[in-house]
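First up is the structure itself, then whatever we jot down about it.
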């Protein structure tokens with residue numbers, strides 16, 4: 001289902017929990033390893049990050065309000081069998097309104 005929005009338009013999407021996942025396979029062809037890192041940053045009403053604790057990644061795995069949480073760092077892509085190796089879980093109901 002496609003949704004077309006115009007700048008500034010808002011709609012309710014009916015979701016309270018979402019996950020963003022990265023999945024990759026270990027590099028077996030070129031001999032060079034690579035690593036993907038899932039990260040997110042949360043912005044305040046001024047469109048700026050309130051402080052460093054609102055940048056969520058493997059070294060800061062949970063936002064202060066508990067709304068965004070990282071499942072950790074997979075440096076090889078070998079933790080899953082065809083699924084996501086790193087995931088950010090977001091609980092939209094916990095997002096600090098500011």
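The values are calculated or read from the model by the stated rules, or taken from the named source; none is laboratory data. Note that the coordinates shown come from a computational prediction; the quantities given were computed from them, not determined experimentally. A quick note on method: Cβ atoms are made from the backbone with ideal geometry, for glycine too, and the neighbour counts reach across all protein chains shown.
Of all residues in the range 67-98, exactly one satisfies the criterion of being at pLDDT 95 or above and assigned to a loop (DSSP other than H, G, I, E, B), namely 67. In the set (1) surrounded by 12 or more Cβ atoms within 10 Å (Cβ to Cβ); (2) touching a helix residue (DSSP H, G or I) at 6+ places or on another chain (Cβ under 9 Å); (3) free of Cβ contacts under 8 Å to residues at least 24 places away in the same chain, the condition left unmet by residue 67 is number (3). Out of the residues in the range 1-48 meeting the condition of being free of Cβ contacts under 8 Å to residues at least 60 places away in the same chain and under 15 Å from residue 67 (Cα atoms), tell me which one is farthest from the chain's Cα centre (by Cα). Filtering first and then ranking leaves 44.
Scanning the range 42-59 for residues that are exposed (fewer than 14 other Cβ atoms within 10 Å of the Cβ) and within 18 Å of residue 91 (Cβ to Cβ) yields a count of 2.
Each row is one residue, and each column tells you yes or no for (1) in a loop (DSSP other than H, G, I, E, B); (2) closer than 24 Å to residue 87 by Cβ; (3) modelled with pLDDT of 90 or more.
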position: 9; (1), (2), (3): yes, no, no
position: 12; (1), (2), (3): yes, no, no
position: 15; (1), (2), (3): yes, yes, no
position: 20; (1), (2), (3): no, yes, no
position: 24; (1), (2), (3): yes, yes, no
position: 28; (1), (2), (3): yes, yes, no
position: 44; (1), (2), (3): yes, no, yes
